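Notes to accompany the following structure.
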Amino acid sequence: MQTVVEGRDTGRIPVAVWRTAIVLAAGSVMAGLDTSLVNVGLDAIGGKLGASLAATQWISSGYLLALAAALPACGWLGRRFGSGRLWLWALVGFTVTSALCAAAPGIGLLIAARVLQGVTGGLLIPSGMAILGEVAGRAGMGRVIATSSVPAILAPAVGPVVGALVIANLSWHWLFLINVPVGALGFFAGLRWVPRGEPGVAGRLDVVSLVLVVVGLPLTVYAITGATDHRSLAVPEVWIPLLGGLVALGAFAWRSLRTTAPLMDLRLARDRVFGSAAVSVFFTATALFGGLIVMPLYFQLLRGDDIVRSGLLLMAFSLGAAAMFPVAGSLTDRYGGGIVTAAGLVVSIATTVPMAVLPADANLPLVEVLQVARGIGMALAGSPTVSAALSAVDKSQMSDASAQVNILSRLGGALGSAIFVVLLSSGTAVGGEQALEVFHRTFWLMVIACAIALVAAVWLTWEQRAVAAQARSLDTPTIN
């Protein structure tokens with residue numbers, strides 16, 4: 001591995017790279033929009049298909065668990081066939097399974113189609129990120145990844161509004177059919193503009209490791225997200241799958257570090273920049289993406305807004321993030337991901353503290369200004385730490401690195417969401433002052449989570465500067 005950090009070469013990025021990034025954004029939009037769209041329509045789907053709430057919930061849970069199970073295989077498949085080919089296959093699979101979901105005549109077949117869709121979604125996102133890392137190069141990594149993240153951050157805010165409008169004016173089938181034209185357009189554009197990548201040396205598929213991680217990761221995600229339903233981390237339905245998942249993941253890690261041809265190369269963490277960036281990715285996701293579930297509940301439960309109005313109010317956060325992402329990318333390429341992430345977390349803390357003290361009837365324009373500023377903080381803290389992780393590896397390691405970054409981000413986000421929702425569930429049902437106090441405690445917990453993430457970002461900054469200083473002492477140029 002060749003780690004080079006803190007570049008100053010922020011030259012012009014070729015048009016071909018931006019063109020590829022735009023095409024890859026089609027996959028990110030589909031995967032990001034799909035979850036929020038379908039979640040809005042679960043009740044309507046269950047009613048039309050005559051399914052219980054418990055069964056209908058598996059439309060969402062089956063997708064998320066299948067997505068988690070597919071992520072670890074992405075690194076090996078990318079090395080074996082090339083990231084570009086894998087992305088095209090995954091895009092076709094996601095499009096076809098979207099059509100299958102829309103055509104499902106019953107709840108059982110719909111859940112089965114969603115599981116297949118989750119598998120393809122789990123391959124689509126990290127393979128696209130790997131391609132971006134390969135074509136952008138270290139000098140342009142920050143700008144390309146940050147700008148490409150704009151559609152993904154807008155999708156969760158737009159999704160509930162679009163989903164509510166689809167349910168009100170069309171049928172539930174269109175929650176899935178909307179992916180078909182986007183996927184078809186992305187495929188034909190990808191055939192022309194997405195580099196296939198060269199098949200590499202992937203080694204023999206480690207089936208034992210695959211079984212361990214395919215069992216362990218979904219069990220862990222299931223337990224963490226299940227804590228939000230049970231409102232506790234201590235019930236058997238949560239801690240038993242959590243224990244089983246962690247044991248399986250521990251066995252997977254032990255095996256991966258001992259074999260010469262691992263399913264996923266965990267030795268990347270031995271590089272101190274990648275290792276510190278990975279820790280920063282996890283805790284930043286816990287602090288920031290876990291917080292994304294709090295604000296919709298704030299508007300709906302505390303202020304009494306309906307789902308459409310809440311979605312529109314949440315646009316302030318997404319617009320702030322979308323406007324700042326390109327700036328965050330330029331700053332990352334110039335100064336390094338660690339310091340930019342740290343600055344973003346400081347902004348996030350400064351904009352979350354007021355939410356922990358404001359009354360329930362706080363001035364709405366003030367809340368919206370805070371949301372815009374918090375979106376700015378998230379943009380500064382989100383993609384730069386991902387760019388720092390990918391910049392620390394060679395092109396041949398990009399598939400593994402992107403898969404690991406996605407796994408850590410999803411686990412961190414799931415953990416943050418579970419903790420915040422469990423806390424909110426303890427008092428919001430009562431309403432009144434008790435509900436306000438619970439939200440205040442939750443916002444203070446978000447501040448603490450941001451502070452932990454800030455420590456991780458400072459560690460990343462320290463490691464990046466140490467490598468840059470070593471490079472200067474050897475009189476070699478440094479690039480990000």
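Do you know which residues across the stretch 446-463 are closer than 22 Å to Asp333 by Cβ and within 19 Å of the chain's Cα centre (by Cα)?
Of the residues in the stretch 446-463, the ones closer than 22 Å to Asp333 by Cβ are 453-454, 456-463.
If the condition is that a residue be closer than 22 Å to Asp333 by Cβ and within 19 Å of the chain's Cα centre (by Cα), then Ala453, Leu454, Ala456, Ala457 are the ones that fit.
List, please: which pairs have Cβ atoms under 7 Å, are six or more places apart or on different chains, and start with a residue in the stretch 36-58 that is in contact (Cβ under 8 Å) with a residue 40 or more places away in the chain and end with one that is buried (at least 19 other Cβ atoms within 10 Å of the Cβ) and hydroxyl-bearing (Ser, Thr, Tyr)?
So the pair list comes out as Ile45/Thr56; Gly46/Thr56.
Based on this model, can you work out whether Val386 counts as more than 20 Å from the chain's Cα centre (by Cα) and not assigned by TED's automatic domain parsing to the domain that holds Val221?
The answer is no for Val386.
What tally of residues in the stretch 38-88 results from selecting those that are assigned to a helix (DSSP H, G or I), of a type in the set (Gly, Ala, Ser) and surrounded by 19 or more Cβ atoms within 10 Å (Cβ to Cβ)?
Our first condition is that a residue be assigned to a helix (DSSP H, G or I); within the stretch 38-88, this holds for 38-40, 42-49, 53-81, 83-88.
Cutting the leftovers down to of a type in the set (Gly, Ala, Ser) gives us 44, 46-47, 54-55, 60-62, 66, 68-70, 73, 75, 78, 83-84.
When the remaining residues are screened for being surrounded by 19 or more Cβ atoms within 10 Å (Cβ to Cβ), the result is 46, 61-62, 66, 68-70, 73, 75, 78, 83-84.
Within the stretch 38-88, residues that are assigned to a helix (DSSP H, G or I), of a type in the set (Gly, Ala, Ser) and surrounded by 19 or more Cβ atoms within 10 Å (Cβ to Cβ) number 12.
Within the stretch 166-285, considering only helices (runs of 4 or more DSSP H) that don't extend past its boundaries, which have at least 3 residues that are more than 23 Å from the chain's Cα centre (by Cα) and within 30 Å of Arg138 (Cβ to Cβ)?
Ranges flagged: 179-193.
Which of (1) free of Cβ contacts under 8 Å to residues at least 24 places away in the same chain; (2) under 23 Å from Leu331 (Cβ atoms) is the odd one out, the single condition Leu423 does not satisfy?
Only one criterion in (1) free of Cβ contacts under 8 Å to residues at least 24 places away in the same chain; (2) under 23 Å from Leu331 (Cβ atoms) is unmet by Leu423, namely (2).
Of everything in the stretch 291-306 that's part of a helix (DSSP H, G or I) and within 15 Å of Asn363 (Cα to Cα), which residue is farthest from the chain's Cα centre (by Cα)?
At the first step, the residues of the stretch 291-306 found to be part of a helix (DSSP H, G or I) are 291-302.
Filter once more, so that each one left must be within 15 Å of Asn363 (Cα to Cα): 298-299, 302.
Values: Tyr298: 22, Phe299: 23, Leu302: 27 Å.
Ranking the candidates gives Leu302 first.
Can you tell me which residue among Trp76, Trp58, Trp87 is aromatic (Phe, Trp, Tyr) and either under 15 Å from the mean Cα position of the chain (by Cα) or more than 26 Å from Leu219 (Cβ to Cβ) (or both)?
Answer to the selection: Trp87.
Take Leu116 and decide whether it is touching a helix residue (DSSP H, G or I) at 6+ places or on another chain (Cβ under 6 Å), at pLDDT 90 or above and not small (Gly, Ala, Ser). Give the steps one after another, and end with the answer.
Details: touching a helix residue (DSSP H, G or I) at 6+ places or on another chain (Cβ under 6 Å): yes; at pLDDT 90 or above: yes; not small (Gly, Ala, Ser): yes.
So Leu116 passes the test.
The values are calculated or read from the model by the stated rules, or taken from the named source; none is laboratory data. These numbers come from a predicted model, not from an experiment. Note that each Cβ is placed from the backbone with ideal geometry, even for glycine, and that neighbours are counted across all protein chains shown.
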